[in-house]
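Taking it in order: structure first as structure tokens, then the write-up.
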Amino acid sequence: MTFDKSKIQYLIGSKNNKSDISEPFSDVNLEFLNELSLNIFKHKNSKKYKDLIAFAFWCRKKNIIKIKNNFLDKQFRLGLGIIFHLTPSNVPIAFMYSFIFGLLSGNSNIVRVSKPDLEQVKLLFSIIKKIFRIRKFEKLSQNNSFIYYDKDTNISDYFSSFVDGRVVWGNDKTIGDFKKMTTKSKCVDLFFGDKYSISLFSSKKLKKLNKIEFSNLIKNFYNDVFIMDQNACTSPHLIIWEKKPLKSIIEIFWNNLEKFVQDNYLTSLSITSKKYQILNNYLMENSDLRINKMNNKYIKRIKINKLDKNIINYRGFSGLFFEYEMKDILELNEIINRNFQTLSYFGYDKIFFEKIFKRNKFKGIDRIVPVGETLEMSLIWDGINVVNHLSRIVSIK
Amino acid sequence: MKLINKYLYKKINIKNVANHKQLFFKTILNQLLSHKKNCLEYKNLINNFDLKLKRFKTVEELPFLHVNMFKEKDLYSIKKKNIYKILNSSGTTNKKLSKIFLDSINAKNQIIALKKIVASFLGEERLPMLIFEKNPNLIDKKKFGAKVAAILGFSIFGKNYTYVINSKNEIDYKVLNNFLEKFADNKFFIFGFTSSIYEFLIKKIDNRKIFRLFENGILFHGGGWKKLEKNKINNEIFKSKLNYKLKLSTVVNYYGVVEQTGSIFIECEKCNCFHTNIFNDVIIRDENLNPIKQNNKRGMIQVLSILPSSYPGNSILLEDEGFIVNQKNEKCDNTGKSFKIVGRIPKAEVRGCSDV
């Protein structure tokens with residue numbers, strides 16, 4: 001394992017990672033997150049970045065305490081030690097959620113940030129640095145570091161060799177590479193791979209909504225899809241309508257979404273180009289697809305007549321959807337595998353899905369949430385209780 | 001007689017775009033119909049978009065293919081056994097290469113069109129040709145990159161081909177001086193990619209080592225300014241440096257894509273814009289893919305060419321950004337569109353978490 005250590009840039013924190021552990025949800029960690037949230041809200045430039053504001057909203061005191069209360073069990077837990085995070089590049093501040101996974105579980109963290117030059121990342125770092133200077137957070141600043149290095153397996157190897165846990169976000173290849181690395185025998189790994197998400201809609205319930213409810217639904221769905229350009233693993237690509245849907249209300253739904261997108265979404269030539277490329281690709285590959293005739297600029301809908309086993313390859317981008325009319329919910333059994341992550345729904349309820357999932361034992365789908373809540377980060381991710389994984393139980397009798 | 005042959009086998013003024021509008025549209029439409037008939041993927045695209053090609057009346061309405069489709073798929077409208085050669089893009093940023101399938105007719109037509117476009121600059125006679133690239137001797141005859149394709153394409157205007165860059169990527173002064181001594185008293189042809197010309201003729205060449213200057217040279221260069229932007233070199237500086245250093249004053253910049261080899265756009269000496277000619281057209285499209293009618297407003301470039309017959313490349317949306325310039329510009333006699341290239345469309349920050 002030879003590499004030039006100067007290739008690692010320490011953006012925040014020190015080279016001599018100390019490993020300090022604590023109980024999950026320790027007071028100082030909660031205070032730190034609260035301070036972080038307040039400072040992001042306070043900063044005049046934060047407003048420019050929707051993702052940053054959403055993050056600040058998520059890590060505000062009230063929400064973290066709510067999350068904490070959901071997690072409390074009677075066990076006495078402690079963190080594992082140092083956690084190494086390899087974080088996704090396409091969501092600018094996703095690395096913070098990964099970091100918080102490690103932090104709230106009671107660990108020290110080394111977080112590899114993939115795009116440290118983004119404006120919102122720089123802003124966030126300036127805020128974190130400021131907070132780290134406060135006396136009561138001194139230890140946090142010694143135990144946590146944010147680093148950058150160009151993709152380099154030797155460096156990843158190096159970090160993997162001494163840490164107590166790894167959280168790796170990436171595609172199959174990245175995860176495969178990390179699985180091959182030598183780690184401590186007790187090292188705990190969490191791999192978050194490519195995921196596919198879908199939505200289930202009832203047109204009959206859609207028809208019953210009043211004006212305000214309807215526009216709220218549009219806004220919620222917009223947030224699920226467009227804040228991340230439909231590029232988050234939680235963004236729905238396949239929209240499923242129930243059997244014999246009411247065609248006219250469906251058109252009204254999409255038309256309203258189109259208008260909302262037009263008023264709120266900032267597109268660009270490169271987004272349009274990429275979307276057009278993806279669209280071309282699907283239309284060329286298949287002989288029986290139909291793009292809806294509606295002359296929409298933003299929303300492109302491709303109707304599919306049969307659920308394909310490879311449906312997971314049908315990914316939209318920036319408002320490109322695949323639509324399917326489902327005859328029976330059991331059809332899902334044909335396509336669902338472990339790569340399915342979020343099912344967002346409108347017009348159904350919790351009990352409906354509890355029944356269906358208990359009866360049918362689908363092989364995938366880890367989250368079922370109402371439309372509008374797909375982007376909400378949770379400490380249960382991809383079906384895994386992150387805090388439980390990144391901490392250990394000390395049983396005392 | 002095939003419509004395309006009206007362009008290729010008649011004496012024709014390539015600048016006279018205005019008189020060819022209808023023929024241009026009909027020729028392209030015929031090509032598209034033929035691709036729909038002979039290329040399954042293209043047929044799928046047209047059918048899935050629910051387009052009725054025959055109902056279209058203007059070039060703006062014609063469907064366009066995203067340029068990366070030539071990377072994603074093998075697209076051809078001919079029988080496999082008739083594939084004569086495959087052109088590849090040089091692919092700098094993307095790993096996948098474009099694959100352009102040519103039959104002998106398409107390849108021939110490219111040459112004829114290129115000849116007609118370039119002849120007005122070089123004349124009918126072949127000129128001694130100085131090439132600022134390495135000799136592409138060892139290449140697979142069936143598969144070669146855009147660079148080699150361009151060199152070979154332009155080589156039809158030359159003779160006494162002289163490659164001046166040696167295997168160590170340096171100027172071979174012996175070879176260069178030998179050429180200059182023999183030919184530089186009369187008109188001669190210089191070819192190279194914009195970045196290579198910058199590197200060798202502007203940055204590296206040592207005037208003390210050359211036998212004489214290039215005042216009789218005619219330089220053709222293309223390939224984009226991307227590498228030069230870092231050094232803040234634009235077209236004007238580029239030209240003035242060549243003139244200052246080498247007395248090279250005839251410098252012609254062209255814009256072309258491997259997907260439409262042959263029907264290149266030439267930059268006008270008078271207005272410094274690229275002009276369309278009878279073989280091609282340009283449409284600028286906005287974020288909603290609608291054509292931009294105003295001058296000077298930037299958008300994505302769609303290029304059209306009558307030439308592609310063995311692959312569906314007649315109408316392509318590129319990943320380049322550009323804009324149309326006021327058409328009644330100064331003294332140029334061109335009746336086509338005038339446009340400028342800005343560069344690659346700027347990459348937007350992608351929001352999402354699909355890969356690392």
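Here are the numbers:
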{"quantity": "Any hit, the range B:33-49, residues being surrounded by 20 or more Cβ atoms within 10 Å (Cβ to Cβ), in contact (Cβ under 8 Å) with a residue 40 or more places away in the chain and within 23 Å of the chain's Cα centre (by Cα)", "calculated": "yes"}
{"quantity": "Output for the range A:80-105, where each listed residue is of a type outside the set (Val, Ile, Thr), over 20 Å from residue A:151 (Cβ atoms) and in contact with a helix residue (DSSP H, G or I) (Cβ under 8 Å, 6 or more places away or on another chain)", "calculated": "A:96, A:97, A:101, A:103, A:104, A:105"}
{"quantity": "Tally of residues being crowded, with 22+ Cβ neighbours inside 10 Å, within 14 Å of chain B (Cβ to nearest Cβ) and among the aliphatic types (A, V, I, L, M) across the range A:215-237", "calculated": "3"}
{"quantity": "Residue B:202 modelled with pLDDT of 90 or more and surrounded by fewer than 20 Cβ atoms within 10 Å (Cβ to Cβ)", "calculated": "yes"}
{"quantity": "Residue within the range B:197-216 that is more than 23 Å from residue B:321 (Cβ to Cβ), in a strand (DSSP E or B) and touching a residue at least 12 places away in the same chain (Cβ under 8 Å) present", "calculated": "no"}
{"quantity": "In the range B:41-71, the residues that are facing another protein chain (nearest Cβ under 8 Å) and among the hydrophobic types (A, V, I, L, M, F, W, C)", "calculated": "B:45, B:49, B:65, B:69"}
{"quantity": "Unique residue being aliphatic (A, V, I, L, M) and surrounded by fewer than 21 Cβ atoms within 10 Å (Cβ to Cβ) when the list is B:278, B:292", "calculated": "B:292"}
{"quantity": "Filter result (under 17 Å from the mean Cα position of the chain (by Cα) and of a type outside the set (Ser, Thr, Tyr)) within the range A:91-111", "calculated": "A:91, A:92, A:93, A:94, A:95, A:96, A:99, A:100, A:101, A:102, A:111"}
{"quantity": "Qualifying residue in the range A:22-42 (condition: over 22 Å from residue A:135 (Cα atoms), in contact (Cβ under 8 Å) with a residue 60 or more places away in the chain, in the same structural domain as residue A:125 (by TED's automatic domain parsing) and touching a Phe, Trp or Tyr at 6+ places or on another chain (Cβ under 6 Å))", "calculated": "no"}
{"quantity": "Qualifying residue in the range A:116-137 (condition: within 24 Å of residue A:77 (Cβ to Cβ), out of contact with any Lys or Arg (no Cβ under 8 Å at 6 or more places or on another chain) and in the same structural domain as residue A:81 (by TED's automatic domain parsing))", "calculated": "yes"}
{"quantity": "Some residue of the range A:326-335 being in contact with an Asp or Glu (Cβ under 7 Å, 6 or more places away or on another chain), within 10 Å of chain B (Cβ to nearest Cβ) and at pLDDT 90 or above", "calculated": "no"}
{"quantity": "The range B:267-287, subset in a strand (DSSP E or B) and modelled with pLDDT of 90 or more, residue farthest from the other protein chains (Cβ to nearest Cβ)", "calculated": "B:275"}
{"quantity": "Unique match (being in contact with a Ser or Thr (Cβ under 7 Å, 6 or more places away or on another chain) and within 14 Å of another protein chain (Cβ to nearest Cβ)) among A:98, A:108", "calculated": "A:98"}
{"quantity": "Qualifying residue in the range B:57-66 (condition: more than 26 Å from residue B:289 (Cβ to Cβ) and charged (D, E, K, R))", "calculated": "no"}
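The values are calculated or read from the model by the stated rules, or taken from the named source; none is laboratory data. None of these values were measured; they are calculated from a predicted model. Here Cβ is always computed from backbone atoms with ideal geometry, including for glycine, and neighbour counts include all displayed protein chains.
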